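S.K.: Handing you this structure, nothing more for now.
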């Protein structure tokens, strides 16, 4: 029995996954580090949450620690070997999480970038199974990604790479957590989309993402809402056109909380991208991720 862990910018989710890539059971908890300035405290909190989730999973499903054959971790940033690195949204520079968990559970622990893990799951079990050349984009708190050419995941030697969220689409644009200005992530992330929607439509700062989505859906034909969505998707289309012009994918699959808007977003995006493609005969299927927010957990057990 394998355990997959998905560490996001605002949550940690853990799950039991069988040999066929099926998620048997899942636990998730939000992580709020806005008031924590101590990196060591953040590290301790991550270990605490993971340990608690694993214990709950084992107890609920009548397993013991001895039944765990492997732990795989999907994490943002640039993980290397057993270390998580450059988690800008969690303010972690480097933390040897893999060895900490290996000592605690006495099993093999592997770590990979979350966009790559989710992409692996979608390629093997989900929306991208039938495509040889394809891109997976996880748009949520940030922008994660993976690229497949001729059915193979592209993996640079030095770092995970393909940080599409940090390609600059406006050199004098918004400040990003990475330190640059105008990163794709600062315009495309659903965290930013939610914050700007709350401001634009005079909602309470406590408004949940589900409430924002409901409001957008119910008012999508009103000019102010339609213009808001159009401006957001114009920025998204700039980043997507760069990806398409470089990699010529047969398909791009969208995961993360972006996927819950795909029925609204994708028809508009298709029109915008047609105007920005370099090769006008390139055909790209824009599709919704099948495994949703479980992709990172499932993919982590495949690395």
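S.K.: Could you please find all residues in the range 65-79 being surrounded by fewer than 15 Cβ atoms within 10 Å (Cβ to Cβ) and either under 17 Å from the mean Cα position of the chain (by Cα) or part of a loop (DSSP other than H, G, I, E, B) (or both)? Show your work before the answer.
M.R.: Restricting attention to the range 65-79, the residues satisfying the condition of being surrounded by fewer than 15 Cβ atoms within 10 Å (Cβ to Cβ) are 65-67, 69.
Correct list: 69 only.
S.K.: Among the residues of the range 155-173, count how many are in contact with a strand residue (DSSP E or B) (Cβ under 8 Å, 6 or more places away or on another chain), surrounded by 14 or more Cβ atoms within 10 Å (Cβ to Cβ) and either on the phi < 0 side of the Ramachandran plot or assigned by TED's automatic domain parsing to the domain that holds residue 88 (or both). Don't jump to the end; show me each part of the working.
M.R.: At the first step, the residues of the range 155-173 found to be in contact with a strand residue (DSSP E or B) (Cβ under 8 Å, 6 or more places away or on another chain) are 159-160, 162-173.
Then keep just the ones that are surrounded by 14 or more Cβ atoms within 10 Å (Cβ to Cβ); that gives 159-160, 162-170, 173.
So of that shortlist, the ones also either on the phi < 0 side of the Ramachandran plot or assigned by TED's automatic domain parsing to the domain that holds residue 88 (or both) come out as 159-160, 163-170, 173.
Looking only at that region, the number is 11.
S.K.: Turning to a different aspect of this structure: Given the conditions (1) farther than 25 Å from residue 280 by Cα; (2) under 24 Å from the mean Cα position of the chain (by Cα); (3) part of a helix (DSSP H, G or I); (4) at pLDDT 95 or above, report the number of the one that residue 231 does not fulfil.
M.R.: Going through the list (1) farther than 25 Å from residue 280 by Cα; (2) under 24 Å from the mean Cα position of the chain (by Cα); (3) part of a helix (DSSP H, G or I); (4) at pLDDT 95 or above, residue 231 breaks only (1).
Results for (1) assigned to a helix (DSSP H, G or I); (2) modelled with pLDDT of 95 or more, shown as yes or no for each residue.
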{"residue": "13", "(1), (2)": "no, yes"}
{"residue": "36", "(1), (2)": "no, no"}
{"residue": "45", "(1), (2)": "yes, no"}
{"residue": "53", "(1), (2)": "yes, yes"}
{"residue": "56", "(1), (2)": "yes, yes"}
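S.K.: Could you tell me which of the residues 211, 218 is farther than 22 Å from residue 292 by Cα, modelled with pLDDT of 95 or more, in a helix (DSSP H, G or I) and out of contact with any helix residue (DSSP H, G or I) (no Cβ under 8 Å at 6 or more places or on another chain)? Spell out how you get there, then give the answer.
M.R.: Working: 211 fails: farther than 22 Å from residue 292 by Cα.
That would be 218, the only listed residue that is farther than 22 Å from residue 292 by Cα, modelled with pLDDT of 95 or more, in a helix (DSSP H, G or I) and out of contact with any helix residue (DSSP H, G or I) (no Cβ under 8 Å at 6 or more places or on another chain).
S.K.: While we're here: Quick one: count up the residues across the range 180-196 that are surrounded by fewer than 22 Cβ atoms within 10 Å (Cβ to Cβ) and either more than 14 Å from residue 142 (Cβ to Cβ) or touching a residue at least 40 places away in the same chain (Cβ under 8 Å) (or both).
M.R.: Residues of the range 180-196 that are surrounded by fewer than 22 Cβ atoms within 10 Å (Cβ to Cβ), as a first pass: 180-182, 191-192, 194-196.
Of the ones still in play, those that are also either more than 14 Å from residue 142 (Cβ to Cβ) or touching a residue at least 40 places away in the same chain (Cβ under 8 Å) (or both) are 181-182, 191, 196.
Looking only at that region, the number is 4.
S.K.: Quick check on the range 11-29. Is at least one of its residues outside the structural domain of residue 135 (by TED's automatic domain parsing), over 15 Å from residue 297 (Cβ atoms) and buried (at least 16 other Cβ atoms within 10 Å of the Cβ)?
M.R.: No, there is no match, as no residue in the range 11-29 is outside the structural domain of residue 135 (by TED's automatic domain parsing), over 15 Å from residue 297 (Cβ atoms) and buried (at least 16 other Cβ atoms within 10 Å of the Cβ).
S.K.: With respect to residue 106, determine if the residue is assigned by TED's automatic domain parsing to the domain that holds residue 90 and out of contact with any strand residue (DSSP E or B) (no Cβ under 9 Å at 6 or more places or on another chain).
M.R.: Values: assigned by TED's automatic domain parsing to the domain that holds residue 90: yes; out of contact with any strand residue (DSSP E or B) (no Cβ under 9 Å at 6 or more places or on another chain): yes.
The answer is yes for residue 106.
S.K.: Could you list, in sequence order, the residues of the range 271-303 that are part of a helix (DSSP H, G or I) and within 14 Å of the chain's Cα centre (by Cα)? Show your work before the answer.
M.R.: Step one: list which residues in the range 271-303 are part of a helix (DSSP H, G or I), which gives 271-276, 292-300.
Result: 292, 293, 294, 295, 296, 297, 298, 299, 300.
S.K.: Any idea which of 199, 253, 257 is part of a helix (DSSP H, G or I), in the same structural domain as residue 284 (by TED's automatic domain parsing) and in contact with a helix residue (DSSP H, G or I) (Cβ under 6 Å, 6 or more places away or on another chain)?
M.R.: Numbers: 199 fails: in contact with a helix residue (DSSP H, G or I) (Cβ under 6 Å, 6 or more places away or on another chain); 253 fails: part of a helix (DSSP H, G or I).
Exactly one residue qualifies, and that residue is 257.
S.K.: Look at residue 266 and say whether it is within 23 Å of residue 168 (Cβ to Cβ) and in a helix (DSSP H, G or I). Spell out the reasoning first.
M.R.: Details: within 23 Å of residue 168 (Cβ to Cβ): no; in a helix (DSSP H, G or I): yes.
Spelling it out, it is not the case that residue 266 is within 23 Å of residue 168 (Cβ to Cβ) and in a helix (DSSP H, G or I).
The values are calculated or read from the model by the stated rules, or taken from the named source; none is laboratory data. A quick note: this is a predicted structure, and the numbers were derived from the prediction, not measured. Note that each Cβ is placed from the backbone with ideal geometry, even for glycine, and that neighbours are counted across all protein chains shown.
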